[in-house]
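*Asks:* My structure is below; once you've seen it, I'll send some questions.
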């Protein structure tokens, strides 16, 4: 169920040259359904916490608009088994090499209220202020995704004009950062649930609002080739070892 993937030379080449590739139908239906149930359970917990506090916002989550659930794997065994699997090991080896650390993990759910659910052009590295090697983001839609329900768009390196981290600007009235101001629209990731969009932390991406009547659920898992630190020397993200010299240590 979580065996290694056969990642092709063409996919590796596309990652190196354009910053991303797509793995179609990477996750079996029964596992996919259990991941959906995990996500729904976690969103329900946030709604209950909002009810108890009498609020409609909780950290970055906004009721019916967008939900972020960070690092649930620490309490949910099945999520950890997926994150530290041969399947994800094969992606790490093909992208960041033989050493890998879990850097971050989160569910991102776009609700049926489109307010505040769009994300501007940014690199994940644009949110990391310390010097670091590029890391990899594995974006896993738990629902079929398209331009109507708020999928992501990825800007290939050849259109962005760079493979490097770009200095981002903080948007007024928001904590969101933006780093691309050109006219390119990017490549929409229109794929079935259970596929994986694999992209570098220096690949620009954005997403639109969910304009449908159904939730759009996705899970993002990020791995780094090294431990990443803030400019002041404090830890950025996580530093949980996964691969050492190509061998799983977890």
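*Asks:* Out of (1) loosely packed, with under 15 Cβ neighbours inside 10 Å; (2) out of contact with any helix residue (DSSP H, G or I) (no Cβ under 7 Å at 6 or more places or on another chain); (3) under 30 Å from residue 8 (Cα atoms), what's the single condition that is false for residue 78?
*Replies:* Single failed check for residue 78: (2).
*Asks:* Tell me, please, whether a residue that is out of contact with any helix residue (DSSP H, G or I) (no Cβ under 7 Å at 6 or more places or on another chain), buried (at least 16 other Cβ atoms within 10 Å of the Cβ), part of a strand (DSSP E or B) and in contact (Cβ under 8 Å) with a residue 60 or more places away in the chain can be found in region 83-101.
*Replies:* Yes, there is a match, as at least one residue in region 83-101 is out of contact with any helix residue (DSSP H, G or I) (no Cβ under 7 Å at 6 or more places or on another chain), buried (at least 16 other Cβ atoms within 10 Å of the Cβ), part of a strand (DSSP E or B) and in contact (Cβ under 8 Å) with a residue 60 or more places away in the chain.
*Asks:* State whether the residues of region 121-130 include one that is part of a loop (DSSP other than H, G, I, E, B), surrounded by fewer than 19 Cβ atoms within 10 Å (Cβ to Cβ) and in contact with a strand residue (DSSP E or B) (Cβ under 9 Å, 6 or more places away or on another chain).
*Replies:* Yes: region 121-130 contains one or more residues that are part of a loop (DSSP other than H, G, I, E, B), surrounded by fewer than 19 Cβ atoms within 10 Å (Cβ to Cβ) and in contact with a strand residue (DSSP E or B) (Cβ under 9 Å, 6 or more places away or on another chain).
*Asks:* Looking at this structure, is residue 55 under 20 Å from residue 141 (Cα atoms) and either part of a strand (DSSP E or B) or free of Cβ contacts under 8 Å to residues at least 12 places away in the same chain (or both)?
*Replies:* No.
*Asks:* Looking only at residues in region 30-62 that are modelled with pLDDT under 95, in contact with a strand residue (DSSP E or B) (Cβ under 9 Å, 6 or more places away or on another chain) and surrounded by fewer than 17 Cβ atoms within 10 Å (Cβ to Cβ), which one is farthest from residue 194 (Cα to Cα)?
*Replies:* Here the residue is 56.
*Asks:* Any residue in region 159-175 that is touching a residue at least 12 places away in the same chain (Cβ under 8 Å) and within 17 Å of residue 22 (Cβ to Cβ)?
*Replies:* Yes - at least one qualifying residue is present in region 159-175.
*Asks:* Kindly evaluate residue 27 against the criterion of being buried (at least 19 other Cβ atoms within 10 Å of the Cβ), in contact with a strand residue (DSSP E or B) (Cβ under 8 Å, 6 or more places away or on another chain) and in a loop (DSSP other than H, G, I, E, B).
*Replies:* Criteria met by residue 27.
The values are calculated or read from the model by the stated rules, or taken from the named source; none is laboratory data. The model shown is predicted, which means the values in this text are computed figures rather than measured ones. We place every Cβ from the backbone using ideal geometry, glycine too, and count neighbours over all the protein chains shown.
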